[in-house]
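Here the structure comes first, spelled out in structure tokens, and everything after it is commentary.
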Amino acid sequence: MDVIKILDKTFERYLSAVEIEAAVTRMAMEMNRRLAGKPPLFMCILNGAFMFAADLFRRITVEGAQISFIRLASYRGQTSTGAVQELIGLSEDIAGHTVVILEDIIDTGVTISYLMKQFQALNVAEVQTAALLFKPGALKCNVVPDYVGLEIPNDFIIGYGLDYDGFARNLPEIYRIKNTEPMLNIVLFGPPGAGKGTQAEFLIREFGLTHLSTGDLLRSEIAADTPLGRQAQTFMDKGELVPDAVVIGMIKHRIESHRDAHGFIFDGFPRTVKQAEELDRMLEELGIPVSGMLSLEVEKEELVSRLLNRGQTSGRSDDRDAAVIENRIQVYHEKTAPLKQYYANQGKHFHIDGMGAIEEIGQRLKAAIETGLKKLHRQ
Ligand code: AP5
Ligand code: MG
């Protein structure tokens, strides 16, 4: 069967059992070669990686190889990603071992970066990472796995251990979401601290979209110490906008490298009329215009309090200083807020109350997409 339905979503077959087996075998052979002489302790990250780990481990021939199973519990908190994670189930003393983390999939790279730090802190000899599936297009951290089975586009996938709401883990093949809807391109808008990043995470999963956050892209350039990053940092540290030409070039490159996306969530872009005009031009060329702008409205005191709060843990230089936060909000009002009118003129502006609980706001956005944006899109 090439197409299956799980709950409310339809999926199409993407990787056959034979293709998966070939990838796992290839990874095992590479591990047997590279790990010879340093008996590895494989760490399977539950739940998703259980099937991959079982198939891989039975092909490992390195003497002294061991396997262990751990899981990560997530709860919402005050970090840059909005999620704090805790490692559960590590019972043995792993100091001195060569640890190989087994993940079914690496997308944003946030989890694997966290895990690597946790293991490094436990005085292991070495930490290596292996992912059956790797989505370079979704990456937000600077992570390159040591072993990769297959590189895949940024689609929502299930099967072979991966689930949709707990279902489909038992499928021997991998399926990806089938999108029969027209491409959704959402401008997720709002002042600093409005919850753009937080809500984007939810919407990506809900609608199978690709997240393009200029703030995140710029921060990864800074982390990698590239010339672009060094140039951007001077503006970001002061809460000023990075020049249009820089961000437009960056976004253009990303859109072009995600031609197979089901749609985009633009987070923190556009921020000036010039950027909005350029975005319209780029998307028109591809025949996939902006579907609508969802503008999160949040009171100023709440914005400042959220950002200062996050500043205690996020490591974001622009979150620590009240004067910089003040400037970011002012720059927003001067240069960015006029975009609401820009999209209103196109009949594409949707006002969303951004005050209240995260889940509640997520539901408001979802409703606006389903009742407003999609309808607009079909006209
Ligand atoms: P979060 O979800 O992070 O909010 P956000 O709207 O994403 O806030 P940012 O600080 O990322 O916005 P920004 O626009 O200043 O930054 P950007 O990276 O785009 O939520 C914030 C906090 O509140 C979190 O701790 C979260 O957990 C919490 N929270 C969320 N919802 C909540 C709720 N309902 N209740 C309670 N707490 C909640 O840009 C940074 C800089 O990059 C810019 O200043 C600029 O210099 C540069 N830059 C980026 N894009 C451009 C561009 N297009 N052009 C020019 N320069 C650019
Ligand atoms: Mg953000």
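Just to confirm the filter: which GluC sites (Glu not before Pro) across the range 286-317 are DSSP coil and have at most 11 other Cβ within 10 angstrom of their Cβ?
Details: sites: 297, 299, 301, 302; in loops: 299.
Here the sparse-neighbourhood loop sites are 299.
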Quiz prompt | the range 12-145 shape via C-alpha gyration tensor axes, a/c threshold 1.5 | solution = oblate
Self-check item: Computed over the chain, Kirkwood Rh from alpha-carbon pairs, angstrom
Solution: 22.3
Exercise. Enumerate the helices in the chain for which the Kyte-Doolittle hydropathy averages 1.0 or more and the C-alpha atoms extend at least 24 Å along the helix's axis, using complete DSSP H runs.
Key: none
Self-check item: Inter-part distance where the range 27-76 and the range 320-379 are each reduced to a Cα centre, Å
Solution: 44
Quiz item: Which distance in Å, rounded to a whole number, links the C-alpha centroids of the range 111-130 and the range 226-272?
Solution: 30
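Treating the beta-carbon of each Lys and Arg as +1 and of each Asp and Glu as -1, no other charges, what is the dipole magnitude of the chain about its Cα centre, to the nearest 20 debye?
So the dipole magnitude of the chain works out to roughly 240 debye.
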Exercise. Have a look at 137, 195, 160 and report the one farthest towards the positive end of the charge dipole of the range 126-207, computed about the Cα centre with Cβ charges (Lys/Arg +1, Asp/Glu -1).
Key: 195
Quiz prompt | Within the range 146-305: Cβ-based charge dipole about Cα centre, in debye rounded to nearest 20 (Lys, Arg +1; Asp, Glu -1) | solution = 160
Quiz item: Which far-off residues, 5 or more places away or on another chain, put their amide H under 5 Å from the one on residue 152, with H placed in the peptide plane?
Solution: 134, 135
Quiz item: Tell me, what HN-Hα J-couplings in whole Hz come from the Karplus equation 6.51 cos²θ - 1.76 cosθ + 1.60 at θ = phi - 60° for each residue of the range 62-73, using x for Gly and Pro?
Solution: 5, 5, x, 5, 10, 9, 9, 10, 9, 9, 10, 9
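Using the Cα centre of the range 3-177 as the reference point, and only Cβ charges (+1 on K/R, -1 on D/E), how large is the resulting charge dipole? Debye, rounded to the nearest 20.
That gives the range 3-177 a dipole magnitude of about 120 debye.
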Exercise. Compute the distance in nm between two label points, each set 7 Å from the Cα along the Cα-to-Cβ direction, one at residue 366 and one at residue 88.
Key: 2.3
Practice problem: First check a/c for the range 187-251, with a ≥ b ≥ c the square roots of the eigenvalues of its C-alpha gyration tensor; if it is under 1.5, answer rounded, and if not, answer prolate when a/b is larger than b/c or oblate otherwise. | Solution: prolate
Self-check item: Zone residues, the range 237-257, relative to residue 326, backbone N less than 19 Å from point 7 Å out along Cα-to-Cβ
Solution: 237-241
Quiz item: Nearest 0.05, what FRET efficiency do residue 126 and residue 359 give at R0 = 45 Å with Cβ-Cβ as r?
Solution: 0.65
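Quick check for you: with a 1.4 Å probe and neighbouring chains kept, what is the accessible area per residue of the range 150-238, in Å²?
Details: 3480 Å² over 89 residues.
The answer is 39 Å² per residue.
Can you give the extra length, in nm with one decimal, that the chain gains between residue 206 and residue 71 once fully stretched, where that is 0.36 nm per residue apart less the Cα-Cα distance?
Values: separation 135, 0.36 × 135 = 48.60 nm, distance 2.34 nm.
Gain in length upon complete extension: 46.3 nm.
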Quiz prompt | Selected from 44, 119, 18, residue furthest toward positive end of dipole (the chain; charges at beta carbon) | solution = 18
Quiz item: Based solely on its DSSP helices, what 222 nm [θ] is calculated for the chain when runs of n ≥ 4 H residues each add -39,500 (n - 2.57) and the sum is averaged over all residues, nearest 500 deg cm²/dmol?
Solution: -11500 deg cm²/dmol
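When only the heavy atoms of the protein chains count and the probe is 1.4 Å, how do 274, 178 rank by accessible area, highest first?
On the way: 274 100, 178 80 Å².
Listed by decreasing accessible area, they come as 274, 178.
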Quiz item: Any idea how many Lys pairs in the range 3-177 come in under 26 angstrom at the alpha carbon, given 8 or more places apart or on separate chains?
Solution: 5
Self-check item: Packing-based order for 20-26, 134-140, using average beta carbon neighbours within 10 Å, highest first
Solution: 134-140, 20-26
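What's the extension gain from residue 280 to residue 317 if we count 0.36 nm per residue and subtract their Cα-Cα distance?
On the way: separation 37, 0.36 × 37 = 13.32 nm, distance 3.13 nm.
Using 0.36 nm per residue and subtracting the Cα-Cα distance, I get 10.2 nm.
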Quiz prompt | Cα gyration tensor category, rounded, prolate or oblate, for the range 242-307 with a/c compared to 1.5 | solution = prolate
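Carbon and sulfur: what percent of the chain's accessible surface (1.4 Å probe)? Working shown, then result.
Numbers: 8830 of 17410 Å².
That fraction is 51 percent.
The values are calculated or read from the model by the stated rules, or taken from the named source; none is laboratory data. As the structure is a prediction and not an experimental result, all values here were calculated from the model. Cβ sites come from the backbone with ideal geometry, for glycine too, and all protein chains shown count toward neighbours. To get the accessible areas, we keep the full protein, side chains included, count just its heavy atoms, and leave off ligands, DNA and RNA. Shrake-Rupley method; radii C 1.70, N 1.55, O 1.52, S 1.80 Å.
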